[in-house]
Amino acid sequence: MPQTLIPIRRALLSVSDKQGIVEFAKVLASHGIELLSTGGTAKLLAQSGLPVIEVGDYTGFPEMMDGRVKTLHPKVHGGILARRDIPEHVRAMQSHHIPPIDMVVVNLYPFEATVSKPGCMMDDAIENIDIGGPTMVRAAAKNHAFVSIVTDPADYAPLAKKLALTRGALDLADRYALAVKAFSHTAEYDGMISSWLTARNEKGAVRPFPGKLNLQFTLAQTLRYGENPHQSAAFYVERDPAKGTLARFRQLSGKELSYNNIADADAAWECCRSFDVPACVIVKHANPCGVAIATTTAEAYKRAFLTDPTSAFGGIIAFNRSVDAGTAEEVAKQFVEVVLAPAYDAGAMEVFRTKPNVRVLTIDLARDQNRLDMKRVGGGLLVQSPDDFDVAQLKVVTKRKPTQAEMNDLIFAFRVAKFVKSNAIVFCGQGMTLGVGAGQMSRVDSTRIAAIKAKNAGLSLAGSVAASDAFFPFRDGLDVIANAGAKAVIQPGGSMRDEEVFAAADEHGLAMVVTGMRHFRH
């Protein structure tokens, strides 16, 4: 059985990312640890006045082939892989003059940084595939019973503190944790290479999707339960989430987040951050039940809440501007599960501290998209590019053209419809939602529900506009919209009955514009 605490007498350092390596090497040297190193790392350590043995001198075999061959040598890997509790291993080390290596400090060629550069060529990518580094990392991790493997510069400082307490030794728990991290590191590295290469042919021509999709997500937190109490759940995040996406949230106060809190918060935030002016989005069960824009966050909230006060009960509320005390006081009048915003002033946080159950989250406001949109299905994964279409060019298809005020509301309504579950119908007026119909099997039923919701909230649809996330398959949905009082409609078009629908709009005196792009959301 391995010793719990093993002193480090010899360390091999070979890093591409040299951040903090000199300082960490000085810590190792202060404990009398012999330093072995390669190439640029060895040169840097020597220039810093540290006693270092270059690997070529150590093995008696020089680096060659532009550094491709330097650590792939029995004196290196024998020193890393040998089990010190097996006599045959010890005798082999003695017979071949292979000293043990007790710590390996390695990070890998910058493959990701290389391929992220515009115009990266296949040859550049291939040259930045590390071979010796992953081999040493995996060898040391496999033999963590006796060897410490360090792959992350962020670990240098905490390890330095531990080495100071133990006079240059690490215990089994530390070595195991480092090994687990190391195997994850090489898996992620190889996964990036696989994904990049399988998305190209041998000449570098890019395919739409990689032949192997390698995903790496890290456990961010274990959740109380899943969608229902009998389901266990956890939240995982990408290594480098897109800026402004929910995975970058910070919780400032409130109870622990639940599975549904996170899912609904994502829906609210994605909708809210799509607006360029102060906006508020209230979400319930993944659907916006109230959306409004205004000159202040407080006014935006009040108007969004008016759309559907019943559904807003226990909702998720997102703002795309800093929240002040006045806005927080308005929000605090209702039962709310989660509040999201880019920032909160001191007064707002004082208000929310009186509501200890309200989960208050902050996220930097940015509009970067997830790189891929994914949906789990039985035994597989559906993958698509993100729906990043926003209204750009509109075509008027009716005799009456929308007024500028109607056009503004049409664009607002279609943007909201993008985030409503299909089939989606959204009535809007003066920068706020008036009725939302979501998730029905027929579009006409979604239309009726949206009108009913507006009536129940005491909101008039006279003079309103309506958005449909996809084309009208028949004129019946349009008839319901017109009878409810709307005067303008926005929809993608593309139905075989488009001309019938356009003619119906003219019959009702409606203005209609088409976008040429739908927003299904399942």
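Here are a few things to note about the model shown:
- Label point distance in nm, I452-H230, each placed 7 Å from Cα along Cα→Cβ: 3.0 nm
- DSSP beta bridges fully contained in the chain are about 55 percent antiparallel.
- Distance between modelled label sites at K26 and S184, nm, 7 Å Cα→Cβ extension: 3.0 nm
- Distances between placed amide hydrogens fall under 5 Å for A169 paired with I8, all partners being 5 or more residues away or on another chain.
- Of all DSSP bridge pairs formed entirely within segment 5-198, close to 20 percent run antiparallel.
- Residue-wise HN-Hα coupling along segment 486-491, computed from phi with Karplus coefficients 6.51, -1.76, 1.60 (Hz; x: Gly, Pro): 5, 10, 8, 9, 10, 7
- Difference of contour (0.36 nm per residue) and Cα-Cα distance, L382 to Y176: 70.6 nm
- Cα principal axis extents for segment 281-320, largest first, Å: 27, 17, 12
- Scattering curve values for segment 245-362, log₁₀ I(q)/I(0), Debye with Cα scatterers, q = 0.10, 0.12, 0.18, 0.22 Å⁻¹: -0.22, -0.33, -0.79, -1.28
- Here the calculated FRET efficiency for D57 and E202, from their Cβ-Cβ distance with R0 = 41 Å, stands at 0.55, rounded to the nearest 0.05.
- With an a/c value of 1.5 or above and a/b not larger than b/c for the gyration tensor axes a ≥ b ≥ c computed over the alpha-carbon atoms, segment 166-296 is described as oblate.
- Descending by average beta-carbon neighbour count within 10 Å, the peptides 289-300, 89-100 line up as 289-300, 89-100, the highest first.
- If R0 is taken as 22 Å, the Cβ-Cβ distance between D498 and A392 corresponds to a FRET efficiency of 0.65.
- Geometric descriptor of the chain, per residue, is 200 Å³ (volume of the convex hull of the Cα atoms).
- Computed extension gain for K302 through F209, at 0.36 nm per residue and net of the alpha carbon distance, reaches 29.1 nm.
- The length gained by stretching the chain between D240 and D152 to full extension, at 0.36 nm per residue less their Cα-Cα distance, is 30.2 nm.
- Those residues of segment 196-232 whose amide nitrogen sits under 16 Å from the label point placed on E112, 7 Å along Cα→Cβ: 196-197, 214-220
- Antiparallel DSSP beta bridges within segment 395-514, percent to nearest 5: 60 percent
- With only Cα atoms counted, segment 395-514 has Rg and Dmax values of 12.3, 36 Å.
Bear in mind these aren't lab numbers, they're just calculated from the coordinates by the rules spelled out. Everything numeric in this text was worked out from a predicted model, so none of it was measured. Glycine also receives a Cβ, built like all others from the backbone with ideal geometry; neighbour counts cover every protein chain displayed.
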